[in-house]
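Below is one structure, written out as structure tokens; comments come after it.
Taken together, the values in this text are just the output of simple stated rules run on the coordinates, not laboratory data. This one's a predicted model, so the numbers in the text were calculated from it and none came from an experiment. Cβ sites come from the backbone with ideal geometry, for glycine too, and all protein chains shown count toward neighbours.
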Amino acid sequence: MPVSRRNVLAGAAVAPLALSALGAAGSASAADGSGYLVGCGIADVTGPAAENGMMGYSMPQQQTAGIHLRTRARAFVIADPSTRIAFVTVELGALFQSVHQGVMRALAAKYGDLYTERNVLLNATHTHSACGGDSHYAAYDLSILGFQQQVYDGVVDGIVAAISQAHERLAPGTIHIGRAELTDASANRSRTAFERNPQPDKDHFPLSIDPAVTVLRFSQGGTDVGAITWFATHGTSMTNGNKLISSDNKGYAAYTWEHDHAGVRYLDGQAGFVACFAQTNSGDMSPNLDLKPGTGPTNDEVENTRIIGERQFRAAKTAFDGAAETVRGPLDHRLCYVDMSTVDVAAKYTPDGKPHRTATAAIGVSMLAGSTEDGPGLPLPEGVRNPFIDWLGGIDAPIPAALADAQAPKAVAVPFGAMKPYPWAPEVLPLQIVRIGQFHLVAGPAEYTIVAGLRIRRTVAAELGVPLENVLMQGYSNAYSQYVTTPEEYDSQQYEGASTLFGRYTLPAYQQEFAKLAAAMRTGAAVPHGPVPRDLRGKLVTFQPGVVFDSPQLLKSFGDVLTDAKSTYRRGERVTVAFSTGHPKNNPRRGGTFLEVQRLVDGKWSRYADDGDWATRYQWARDGISASIATVSWQVPPDTPIGKYRIVHFGDWKNGWNGRITAFSGTSRAFVVS
């Protein structure tokens, strides 16, 4: 990814009660062959819908200006009488270490030691259209103009809410594994680097993509309650010109499945079927099939998002429907922290059969250009200053000769690990392996190319003595440290190699350290915790201005309609209504909505769609100094029931005299859909 995110006693009391209940329920479900409790949950993590930098493309001008699809956290808890696992996928650009730390603190306060860093796996879908600013490290906040507390709080709170929901819904259940292949939702954006790998590696991917679709199907009492789908493709169907919050192609896949299954609405905090679409080793996998931003299979980025998402959904449903392999056996987990900048790598893991050492984190010159296939980066032009960089002391840190040698053949652009007062990216990183019966997830804090992921999977599978297909690479997990390429790919110094922070032997270091975790899991041994990552709370700044006050347009009140709906629409037409509004930062309405499409049923208006629906758009624009316009649009779906509808906008405005924030709403005229 370019440089472009209560009580302790009461919580402790919960743990023994939960474990006691688990013992009884686990015995009751043993007859089905699994002996598991399973639970699923979902919660909103959408950040400020206006004037907040997006995380992914490193474009300072890519500031949020509305919502297309809300972003969510989806959680799955699996428990047996002795162990439990919490797995969470969040629709974010990255799962930063700061968020991981915050979630662990919140879970400890609520549940004691029931959920810890050892048995909780957090990961991101890698959409490039979600709010940024939730990292404690400068590299990932530069284009956001610093740390954004509102974003951070929303993400942490949403993840904890999703886990809590899954925890509360634990019940005897079963898990089945399904598999499929998908060959038209990804393309190798770094073919030059891929071709440098040895032939046996390339033979594993004859199309130069990873087509594997793996699904875990969750059921309770014979009723399907959720699914986790893993497939490797980037969250970059929406381009760096997009300013509407979007969960991108994986978000569309999840939305489609959940709505197809049960017509889910999330505003009440209750979900039926939970469909999670997670990443694997997608470092060099692009959804832009023509290898240009916003192209393939069409030239419309929104339509491409839908198509690539739909293809993932269809492949996942095929795997889900054919999931015949029952997950059986114990749950287990191992986690340790490793300083990835100082790993001595044994000869058995290196291409030349000699020992090597990783290097202090640094990015290469070719990284600054971004991935031209998914979206070029934008280094600051001459004469334009970033106050966050100035506060950090500038970007002109000298590059020691020893670091340049250690990173060769990378031409070092910025020595992240040598920056002051703190490194710009974390070097003490969490490595984790999670076992769910015969299925294993290798959770790494980076974006792994398909061959890098394959080599780690082979290493872990060999150490565990299990089939390769039962070991999956779970990237974007528990922290973020950019890319991991093979040494051969690194030598070509494409974007991904230039973004591999710890030098040519980063991947061999991961293979070695994951092998240690796998060996410990196989023998039942404990593993040392390793170094403690730094906690940078209280040392963060932001240069993104907040809301001073709001005022409506002249002779208008908040919620007044500025442009009204027509009286009638046909299916397929777009309804557009504009309102006088306040700034969305006054209330991100997490778990709520900025709009409703309401339908008149039996004389009462009821919600038909909201800002979490694909067919709606909420767009915000500043009007002068302190006034704002909210434009709500609804592309009437072809299957919309004939009838009477209206558009309602919900907002909040800030009083400049006393800082009070007041909610309001506005309503369009009623119109007929025919």
| task | Please give the peptides 541-548, 474-481 ranked by average Cβ packing (other Cβ atoms within 10 Å per residue), highest first, as a rough proxy for protection. | result | 474-481, 541-548
| said: When the expected Rg is taken as 2.2 N^0.38 Å, what fraction or multiple of it is the alpha-carbon Rg of the chain? | reply: 0.94
| request: Would you list which lysines come within 21 Å of Lys420, measuring only between C-alpha atoms, while excluding same-chain residues fewer than 8 positions from it? | output: Lys539
| query | How big is the gap, in Å, between the Cα center of region 80-143 and the Cα center of region 220-258? | reply | 18 Å
| remark: For region 8-331, whose charge dipole is built from +1 on Lys and Arg Cβ atoms and -1 on Asp and Glu Cβ atoms, the candidate among Thr280, Ile144, Leu114 with its Cα farthest towards the positive end is Leu114
| Calculated from backbone phi, Karplus (6.51, -1.76, 1.60) coupling profile of region 72-79 in Hz, x at Gly/Pro | 9, 9, 10, 10, 9, 10, 10, 9
| request: Please list, or write none, the aspartates and glutamates whose alpha carbon is within less than 16 Å of the alpha carbon of Lys354, excluding same-chain residues fewer than 8 places away. | output: Asp344, Glu488
| message | Which one, Asn188, Ile625, Met521, projects farthest toward the positive side of the charge dipole computed for the chain from Cβ point charges (K/R +1, D/E -1)? | response | Ile625
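Is the shape of region 453-561 rounded, prolate or oblate, going by the alpha carbon gyration tensor and its root eigenvalues a ≥ b ≥ c, with a/c under 1.5 for rounded and a/b larger than b/c for prolate?
On the way: a/c = 2.60, a/b = 2.30, b/c = 1.13.
Prolate.
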| task | Name the residues whose placed amide hydrogens come within less than 5 Å of the amide hydrogen of Arg571, ignoring near sequence neighbours (fewer than 5 apart) on the same chain. | result | Ser674
| query | Among Pro81, Met55, Ala232, whose Cα sits farthest toward the positive end of the charge dipole of region 8-331 (+1 at Cβ of Lys/Arg, -1 at Cβ of Asp/Glu, about the Cα centre)? | reply | Pro81
| request: Have a look at the DSSP beta bridges in the chain and tell me what percent are antiparallel, nearest 5. | output: 85 percent
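Apply the a/c threshold of 1.5 to the C-alpha gyration tensor of region 8-331 and tell me whether it is rounded, prolate or oblate. Could the numbers behind the result be given before it?
Numbers: a/c = 1.82, a/b = 1.27, b/c = 1.43.
It is oblate, given that a/c is not under 1.5 and a/b is not larger than b/c.
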| query | Which three extents, in whole angstrom, do the alpha-carbon atoms of region 498-564 cover along their principal axes, largest first? | reply | 74, 30, 29
| said: For a quick check: with amide H placed at 1.01 Å from N, whose amide H comes under 5 Å from Met419's, ignoring anything fewer than 5 positions away on the same chain? | reply: Trp424
| field | Test item: Cα-centred dipole of the chain, Lys/Arg +1 and Asp/Glu -1 on Cβ, debye | value | 1120 debye
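Sort 57-64, 641-648, 83-90 for me by packing, meaning the mean count of neighbouring Cβ atoms within 10 Å per residue, highest on top.
With the highest mean Cβ count within 10 Å placed first, the list reads 83-90, 57-64, 641-648.
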| field | Order by protection proxy (mean Cβ within 10 Å, highest first), peptides 287-294, 492-499 | value | 492-499, 287-294
| Nearest-20 debye value, region 561-673 charge dipole, Cβ charges on Lys, Arg, Asp, Glu | 80 debye
